[in-house]
Each structure stands twice: as structure tokens, then as C-alpha cells.
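Participant: Got a structure for you, written out below as C-alpha cells; questions coming shortly.
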Amino acid sequence: MTDRIWTDEQLSAFLDGELTPQEMEALSQDLEADAALAGRMEKLGTANAVYRDAIGGIDNAPLKASLKAAMDTPPTAQVIAFKPRSISAFVMEHRAIAASLLCAAAVWGVTSATSTDSQSDLLAPGPDGLIVASSPLHQMLEVAATGEVSKVGNAAAVPRLTFAADDGAFCRQFDVTTEDGSSAAIACREDGVWRTQVVAYQLAKPLGEFQTASAARAPALEAFLDAHMPGAPLNAEQEAMLLQRKWAPSQR
Amino acid sequence: MALVPQLRRFAYALTRHADDADDLVQATMERVLSRPMPDDVELVKWMFRVSRNIWFDDLRSRKVRRDAAKEIAADVMLDASTEERVAAQAMLRRAQEGIDALPQEQREVLAMVAIAGMAYREAAETLSIPIGTVMSRLARARAALAAHLEAVS
């Protein structure tokens, strides 16, 4: 027996690792010393484990036909636009359920494949497409030359194109490749912040078998470039100078 | 695609019916893509949150109330003896009954924490309730399940 009294709330929180480190330690000690307490903990722990097993039973149930049909549709490059600069038709392309599902799967694939404790999700920017400054993707956009491959978690990211948009902002098209598929995106830099403008995903088909065909050829990206890239992309020399100036506009 | 099974488990924990769970998965995916996502939240957590909201705000009211969860055959203990498998199946069946008997409030918190892996703080924010309430609902849910399992073993 121990002097301390532990409630079911605390025992349950122990299972979830939600007690303070001091409480976790104290309860661990008491569990070793107090058989009755350990017995209660075992009951709650077993209930939790059986609960998870019972819920996990859904894994064995066949997918509902409508969901399966949507997920079995052959993948094609799909599109999410985060902050369209103009209300364009491309934003609403591919809004069929099947497309949405595949698109979501691709987003998640990229996200889960590249997330680590220290990294922000690569292509899961906020509603306005913000790529946070601490993310490896931001770093890649800031310093990598076109064609230069950066390893970002389990993904490979590479800029494909740098150009000045119609509003003067500099933008880059880049690819991100993981085992789950590839994606091509365009992000633009405003006030030192990169914001994703449009992303196209190409899910590997079938899952696991990598396909290089390209999200980069997605109509949405072409449409964005048509609408917002008034001239030719920067050549290697212009881009190198721009990177050297840390994206400051030319003084000339 | 690994997140689809995860979402499906969560949906099943909420809906308690395979068919409804798949409808919820589909609705969630559609909604996630059609609405902006806050930039301070993980996509997977956001997905669970959206799923929960769809179920409680929308889908649930349209579903015919079902008396009990449709039994899902859990493919457990393939290496075990027939007796052990029968016992395990019986245990799972009792667990399903126990889960169905939980009040909705406890069931959703349990799904959020034990299935979706949300921290107490995240569950509290999602439900707009204090963390202490999350803690106590979880404890009551687990205690009720434990009591249910004990009663039949």
C-alpha cells in the first residue's frame, strides 16, 4: 500500500502519458509497490486495449462500394489552389468526389512521408498557402538554384522555374517527390514570405510504384503560368544574382 | 494512403457502424479539400476534427438510429486455438456492446484520444470543454468498459 491516493482520472491519464513527469514517476513507483493499484490500472489498461482492438475490427470490413469506387479511380494530377490570384476556372477543376479523394490521399502521403518532429509539413500550408519560415521547404525556395535537388525528410524537392509575376513578386515552380507520389507547386514570395499559389499532385499508381509522369504538366499550373508569368523565366545567371541578393529586386 | 484506415477507425469509433463510417470518411475528405485549413494544426488532426464535426453537426441526424453496432468480424489470433479464438471473439463482442452503451460524450472523447491520438488539450479545444472534463470523461469511459468486460468474464 502507498499513502498517495490515485483516482481513475489519473490512472487513465497515465495511460495517455498526460500526467506531469513528476506524477508519472510517482505513479510508476506506487504501481510497483501497490498490488491493488496495479490491478486497477491493469483493468483500465485492458479496457483501453480491448477498445482499440474492437475499433480496429473495421479494418477487416470491406469498403463501402461508393468509397471504394472513388478510391479505385485511376489517379491523375489533381489540384488544390490555396490563394488564387484571380478567380480562375482552374481552381474548381477536378472537383469530383473521386478526384478529391485521390487528392487528399496524395496530400496526406506527402505530408506523412515528410513530417518529423522538427519539420513542418511540406505541402500542408495554411489557408493562404503560407510556407512557414522555419520549414525546410522555405529554405529550399530561398537558396536552391533551379535544378538543384534538396533532400527534405523523405522527400526530394527541386526548383524548376523562377520568374517575376505580373505583380512584381518573384515566384518559383518546384517539384516535391516522395515514395507516395510527386507534386508540383508554384509559390510566390511577398515580404520575405513564400506562399503556395497552386499545387498539383500525382499519386504513384498503384501505390508504391512510382510514376514520374507529371504533376508539373497539370493544366492548373499551366493556367497559373499563363495568367501570371508575363515574360520569360529567369535564366541561370539572373537567378544566381537574385539568390545572391537574397531576393532583393534589382537596383537598375 | 495510410491515413485512410486511420480516419476510418476514427469514423467507426464515432458512428459505430461500418456503412456510416465510410460515408463519414468520404464526407470528411470532401470537406477537408473544400475548406481552408488553419495553419497551426497538423493535417491529420484537422481531418479528425472535421470528421467529428461533420458527424455531430450533420450526418448523425440523418442516419437512422441503430440499436447496436453492426458486428465487425475481427480477425484476431490467427495462430491461437479454436477455444482461444472463440474467447477472444466473445471478448470483442462484449467490448462492442460496452462501447455502444457509452454516452455519446464519452465515446467521442475516447475516439479522439485513444484512436485519433489527440492530446487532451487538443480534444478539449475541439470540443470547447475544459481539459479536466476530457480527463474525467475518459476515465469514466474506461471504467465503464472495464466494468462491462469484468461482468462477463
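Participant: Go through the stretch A:21-53 and give me each residue that's without any contact (Cβ under 8 Å) to a residue 12 or more places away in the chain and within 30 Å of B:L14 (Cβ to Cβ).
Facilitator: A:M24, A:E42, A:K43, A:T46, A:A47, A:A49, A:V50, A:Y51, A:R52, A:D53
Participant: While we're looking at this one, here's another question. For the stretch A:165-252, please list each of the strands (runs of 3 or more DSSP E) lying entirely inside it that holds at least 1 residues being at pLDDT below 65.
Facilitator: Once the strands (runs of 3 or more DSSP E) in the stretch A:165-252 are filtered for at least 1 residues that are at pLDDT below 65, what remains is A:193-203.
Participant: Shifting gears a bit: Going by the structure shown, is A:M24 of a type outside the set (S, T, N, Q), part of a helix (DSSP H, G or I) and crowded, with 20+ Cβ neighbours inside 10 Å?
Facilitator: So A:M24 does not fit the description; no.
Participant: Restricting to the stretch B:22-33, name every residue that is at the interface with another protein chain (Cβ under 8 Å from one of its Cβ atoms) and either among the aliphatic types (A, V, I, L, M) or surrounded by fewer than 23 Cβ atoms within 10 Å (Cβ to Cβ) (or both).
Facilitator: Within the stretch B:22-33, B:D23, B:V25, B:Q26, B:M29, B:E30, B:V32, B:L33 meet the criteria.
Participant: Within the stretch B:125-153, which residues are over 16 Å from the mean Cα position of the chain (by Cα) and more than 9 Å from chain A (Cβ to nearest Cβ)?
Facilitator: Listed by number, the residues that qualify are B:E125, B:S128, B:I129, B:P130, B:T133, B:A151, B:V152, B:S153.
Participant: What are the residues in the stretch A:1-18 that are more than 10 Å from every other protein chain (Cβ to nearest Cβ) and closer than 17 Å to B:T133 by Cβ, if any?
Facilitator: none
Participant: Answer with yes or no whether A:A155 is open to solvent by less than 10 Å² (accessible area, probe 1.4 Å) and under 30 Å from B:L3 (Cβ atoms).
Facilitator: Yes, satisfied.
Participant: Of the conditions (1) small (G, A, S); (2) over 22 Å from B:V113 (Cβ atoms); (3) open to solvent by less than 80 Å² (accessible area, probe 1.4 Å), A:S12 satisfies every one except a single condition; which number is it?
Facilitator: Among (1) small (G, A, S); (2) over 22 Å from B:V113 (Cβ atoms); (3) open to solvent by less than 80 Å² (accessible area, probe 1.4 Å), A:S12 violates only (2).
Participant: Would you be able to tell me the number of residues in the stretch B:66-95 that are open to solvent by less than 20 Å² (accessible area, probe 1.4 Å) and at pLDDT 80 or above?
Facilitator: Residues meeting the conditions: 2.
Participant: If the Cβ limit is 8 Å and pairs must be 6+ apart or interchain, which residue in the stretch A:225-239 that is in the same structural domain as A:A169 (by TED's automatic domain parsing) pairs with which residue that is open to solvent by 50 Å² or more (accessible area, probe 1.4 Å) and in a helix (DSSP H, G or I)?
Facilitator: Within 8 Å, no pair qualifies.
Participant: Hey, could you check the stretch A:52-61 for residues that are within 30 Å of A:F14 (Cβ to Cβ) and open to solvent by 70 Å² or more (accessible area, probe 1.4 Å) and say which is modelled with the highest pLDDT?
Facilitator: Restricting to residues being within 30 Å of A:F14 (Cβ to Cβ) and open to solvent by 70 Å² or more (accessible area, probe 1.4 Å), the top hit is A:R52.
Residue-wise test of (1) modelled with pLDDT of 50 or more; (2) at the interface with another protein chain (Cβ under 10 Å from one of its Cβ atoms); (3) open to solvent by less than 50 Å² (accessible area, probe 1.4 Å).
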{"site": "A:S28", "(1), (2), (3)": "yes, no, yes"}
{"site": "A:D34", "(1), (2), (3)": "yes, no, yes"}
{"site": "A:G39", "(1), (2), (3)": "yes, no, yes"}
{"site": "A:V50", "(1), (2), (3)": "yes, yes, yes"}
{"site": "A:L63", "(1), (2), (3)": "yes, yes, no"}
{"site": "A:P75", "(1), (2), (3)": "no, no, yes"}
{"site": "A:A89", "(1), (2), (3)": "no, no, no"}
{"site": "A:L101", "(1), (2), (3)": "no, yes, yes"}
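Participant: If we scan the stretch B:125-132, do we find a residue that is at pLDDT below 95, open to solvent by less than 50 Å² (accessible area, probe 1.4 Å) and assigned to a helix (DSSP H, G or I)?
Facilitator: Yes, the stretch B:125-132 has at least one match.
The values are calculated or read from the model by the stated rules, or taken from the named source; none is laboratory data. All figures in this text were calculated on a predicted structure; none of them were measured in a lab. With ideal geometry, Cβ positions are generated from the backbone for all residues, glycine too; neighbour counts draw on all protein chains shown. SASA here: full protein model, heavy atoms, side chains in, ligands and nucleic acids out. Shrake-Rupley method; radii C 1.70, N 1.55, O 1.52, S 1.80 Å.
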